[in-house]
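Structure, as structure tokens:
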């Protein structure tokens, strides 16, 4: 039996969803039996591969790099899960939308940094004018809210998807859970 | 209750139900364990029919009717759940989430919020409507309370409780449409309000984290919303 | 006896007017005033005085002469010659020409359909009387209906005539006026109110404003008759403060009517008492909605509330209240004078009488027209309006303002009545009519009205408050070429939501301009869509 190809992605989020993913402890071994993790912050693949069965994406779309990545992820994945509030709603990552990019960069690099610096203009990807949840940029197949969704919910979602079923998470998690 | 009140019979979701003629569809439905979602409604306050979540279908009427302000009628046949109603309720809820900045994860009432609970009740795990991200200031001038417009749904519960129950009428709504916001006195900082008695009723009836008590952690930020019916009942008796 | 005094006032006025050989009427309604007609009036008066003709030539300011496109307009009688775009310096030439051939340069022919096809009931005095003088109104039969009602008719007989006339509310909804009056009349209570809704707010509409500016007593007479019929003793005219000329003339008219004994305690020495007061609104569109209007008069925020109870049962300050629009009240006196059956003869089967329209947009002749119900759009646009400038094709006609819709030109033969307009996805509304040629962008038109609704939504109910804002954003997204077909689906869902769940008419009808353009001009939306989310994001 060929194993399913599973990817996890960390865009603009706090990595809390990945922490929660790891919180499933020994149950991750069950997952490993039926799926290969082909891309993840936890493995050493540089580029998002082709032919991914399930992609779990944490975080919102904040930078040009995020935008490029999510479009490639969408193209290469059969099933895309927006995992956690940042991916689903923008959440804390999107709170900068109230102020605008310039104000946020100024605050971080000039006003609150000693000595005052200046926002980076190379290497670091440019920020988009507006942080957006995944579904505003690409088609999303399942949304799993929560900040973060619990390990149990993530386990349920992954095992159901790998078993070929689309899970219903409405009673299991919520915004801010 | 006046002794002359008549009893009407009606059907809600196919069930035969008896009701006093001065009752609303919502009251009767809840008495009979039929759940209709509401947000602006709160037992003990004058209903205003503003959030439109409680819309129901009534046979013979092409229009949908708000259950909270529609009186029962003899022979009425009410449907509280239909694909159309469910679609509309979800959309209304989406509009509310998208209107201001309801960031549940960093909210003082996370887990005890009526807006959040509605999302669960209506099975909403995503807001497809684009978020508007308006910017609102916070009013923390009051020694004990905070007003965060970013989390306000303009249900006017604070306005009503302050006017109808406390009798201070400190709160009101200023401006129109999406630019409307609740204000204290004549748009003065809450801490400088002369009319506010500091009773805190507005904080407790607020369905979201818009009005909250300072220094409370998530666990203690629970709101007491059940005091109103007792309060009004006791006042009725005394009168 | 006050009745005799009124009749004497009328004959004295007729007599006084007959002494003049020439009458010059200068339009001093807002349209012409904004083009400087007050200076024309002064120049003509000075000229007459300078030549010592004060006893031969009467120069007076009158209400709207109709063809606003040609402002300032004046009319010279007995010839009935109209002059257009008159300047103060034309005064000597005009006085010179009296009794001679008309001045070619200024002549505005009145044999055009614009004038000929009108049937003036509401506007019968507009352009003939000085709105500031009660004598002139009375001289043209004004207040005779009130006298007749008070001396010869029972309240029920009055309502019977109104019902028989088939008059329907002219504010937009088209609710049968007789039925409304009956309901208020039957509501128990000793204190009842009459409200005249003069909160006209549709962009481009100025029918009610013109009626108030041209013939304020007509509205007061209608209100007084209504008060007698339903048993009310107090009345309010709720007028937006943006109409200073109308308010000023109305205020003066009320004072004159009180002085003459036509308003106030014991009107014309009968047991009937009726007092009228003007209340100014701050110009919120939603205050045209009756429950919001009532709240505003009560000193509360102008926000609508759930009906029932209807104002007829529990309205102003909780008392039974009759609310009608300016034009509705303006129809009352003629109906009483001529009988309900006379009125019912005019118009179509379901829509009786006439309707005043503010004809605007891409037509040769813009202005105020009063036509029988059932007149076709073709007659209005191509005959009365003189067609589209530069012979461009007509694309659509917008009626009903932000609550109405766009009727495509292929329905140009549509008769204008309540039902026909509704069938085509628009509505009568208060009488705004905007003609569009092929250069009009229908998505942009839809957004224009949606933007209006965003600004005017009171914000009480969620669907209207947030829904209009979201729809406006979606329309902008479509116009900017950043929308996909999913956005159209979303837009249509919102249309349905607002129609089904909004609290008041403003929200329920706010989707109409979008729905009607999506129905009739869908391709214009589709042409702007992009295929994928990726393109939209770029």
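If I go through region A:54-68 residue by residue, how many of them are away from chain C (no Cβ under 13 Å) and either under 13 Å from residue A:138 (Cβ atoms) or out of contact with any strand residue (DSSP E or B) (no Cβ under 6 Å at 6 or more places or on another chain) (or both)?
4
Only residues that are under 15 Å from residue A:136 (Cβ atoms) and either within 14 Å of chain B (Cβ to nearest Cβ) or not in a helix (DSSP H, G or I) (or both): list them for region A:70-93, please.
If the condition is that a residue be under 15 Å from residue A:136 (Cβ atoms) and either within 14 Å of chain B (Cβ to nearest Cβ) or not in a helix (DSSP H, G or I) (or both), then A:80, A:82, A:85, A:86, A:87, A:88, A:89, A:90, A:91, A:93 are the ones that fit.
Sort out which residues of region A:134-156 are outside any strand (DSSP E or B) and more than 8 Å from every other protein chain (Cβ to nearest Cβ), and write them in order of number.
Those that are outside any strand (DSSP E or B) and more than 8 Å from every other protein chain (Cβ to nearest Cβ): A:134, A:141, A:146, A:148, A:149, A:150, A:151, A:152, A:153, A:154, A:155, A:156.
State yes or no: is residue C:517 surrounded by 24 or more Cβ atoms within 10 Å (Cβ to Cβ), assigned to a helix (DSSP H, G or I) and touching a helix residue (DSSP H, G or I) at 6+ places or on another chain (Cβ under 8 Å)? So that I can check it myself, show each step before the final result.
On the way: surrounded by 24 or more Cβ atoms within 10 Å (Cβ to Cβ): yes; assigned to a helix (DSSP H, G or I): yes; touching a helix residue (DSSP H, G or I) at 6+ places or on another chain (Cβ under 8 Å): yes.
So residue C:517 passes the test.
What about residue A:46, is it without any contact (Cβ under 8 Å) to a residue 40 or more places away in the chain, within 24 Å of residue A:6 (Cβ to Cβ) and either out of contact with any helix residue (DSSP H, G or I) (no Cβ under 7 Å at 6 or more places or on another chain) or part of a strand (DSSP E or B) (or both)?
Judged against the criteria, residue A:46 is a match.
What single numbered condition from (1) within 11 Å of chain A (Cβ to nearest Cβ); (2) touching a residue at least 12 places away in the same chain (Cβ under 8 Å); (3) more than 23 Å from residue A:131 (Cα to Cα); (4) within 15 Å of the chain's Cα centre (by Cα) fails to hold for residue B:116?
Residue B:116 satisfies all of (1) within 11 Å of chain A (Cβ to nearest Cβ); (2) touching a residue at least 12 places away in the same chain (Cβ under 8 Å); (3) more than 23 Å from residue A:131 (Cα to Cα); (4) within 15 Å of the chain's Cα centre (by Cα) except (3).
In the set C:429, C:455, which member is assigned to a helix (DSSP H, G or I) and either buried (at least 22 other Cβ atoms within 10 Å of the Cβ) or within 10 Å of chain B (Cβ to nearest Cβ) (or both)?
Being assigned to a helix (DSSP H, G or I) and either buried (at least 22 other Cβ atoms within 10 Å of the Cβ) or within 10 Å of chain B (Cβ to nearest Cβ) (or both) holds for just one of C:429, C:455, which is C:455.
For the structure I just gave you, tell me whether residue B:102 is surrounded by 21 or more Cβ atoms within 10 Å (Cβ to Cβ), within 14 Å of chain A (Cβ to nearest Cβ) and not in a helix (DSSP H, G or I).
So residue B:102 passes the test.
Please specify each residue of region C:133-157 satisfying the condition of being over 24 Å from the mean Cα position of the chain (by Cα) and crowded, with 24+ Cβ neighbours inside 10 Å.
C:149
Is at least one residue of region B:83-94 within 14 Å of chain A (Cβ to nearest Cβ) and part of a loop (DSSP other than H, G, I, E, B)?
Scanning region B:83-94, I find no residue that is within 14 Å of chain A (Cβ to nearest Cβ) and part of a loop (DSSP other than H, G, I, E, B), so the answer is no.
Considering only region B:170-179, I want to know if a residue exists there that is crowded, with 21+ Cβ neighbours inside 10 Å, within 14 Å of another protein chain (Cβ to nearest Cβ), touching a strand residue (DSSP E or B) at 6+ places or on another chain (Cβ under 6 Å) and at pLDDT 95 or above.
Yes, because at least one residue in region B:170-179 is crowded, with 21+ Cβ neighbours inside 10 Å, within 14 Å of another protein chain (Cβ to nearest Cβ), touching a strand residue (DSSP E or B) at 6+ places or on another chain (Cβ under 6 Å) and at pLDDT 95 or above.
Would region A:112-127 turn up any residue that is farther than 22 Å from residue A:167 by Cα, over 13 Å from the mean Cα position of the chain (by Cα), within 14 Å of chain B (Cβ to nearest Cβ) and part of a strand (DSSP E or B)? Walk me through it before giving the result.
The first filter runs over region A:112-127 and keeps only residues farther than 22 Å from residue A:167 by Cα, leaving A:112-127.
Subsequent filtering for residues that are over 13 Å from the mean Cα position of the chain (by Cα) retains A:112-127.
Filter again for within 14 Å of chain B (Cβ to nearest Cβ), leaving none.
No - not one qualifying residue is present in region A:112-127.
How about region C:1-94: which helices (runs of 4 or more DSSP H) wholly inside it have at least 1 residues that are over 22 Å from residue C:215 (Cβ atoms) and in contact with a strand residue (DSSP E or B) (Cβ under 7 Å, 6 or more places away or on another chain)?
Working: elements: C:2-18, C:30-33, C:37-50.
In region C:1-94, C:37-50 are the helices (runs of 4 or more DSSP H) which contain 1 or more residues that are over 22 Å from residue C:215 (Cβ atoms) and in contact with a strand residue (DSSP E or B) (Cβ under 7 Å, 6 or more places away or on another chain).
Buried (at least 18 other Cβ atoms within 10 Å of the Cβ) and touching a helix residue (DSSP H, G or I) at 6+ places or on another chain (Cβ under 7 Å): is that true of residue C:302 in this structure?
Spelling it out, residue C:302 is indeed buried (at least 18 other Cβ atoms within 10 Å of the Cβ) and touching a helix residue (DSSP H, G or I) at 6+ places or on another chain (Cβ under 7 Å).
Listed residues A:67, A:21, A:56; which is modelled with pLDDT of 95 or more, in contact with a helix residue (DSSP H, G or I) (Cβ under 8 Å, 6 or more places away or on another chain) and assigned to a strand (DSSP E or B)?
Within the list A:67, A:21, A:56, the selection yields A:56.
The values are calculated or read from the model by the stated rules, or taken from the named source; none is laboratory data. Remember, predicted model here, so these are calculated numbers, not experimental data. Positions of Cβ are backbone-derived with ideal geometry, glycine not excepted, and every protein chain shown enters the neighbour counts.
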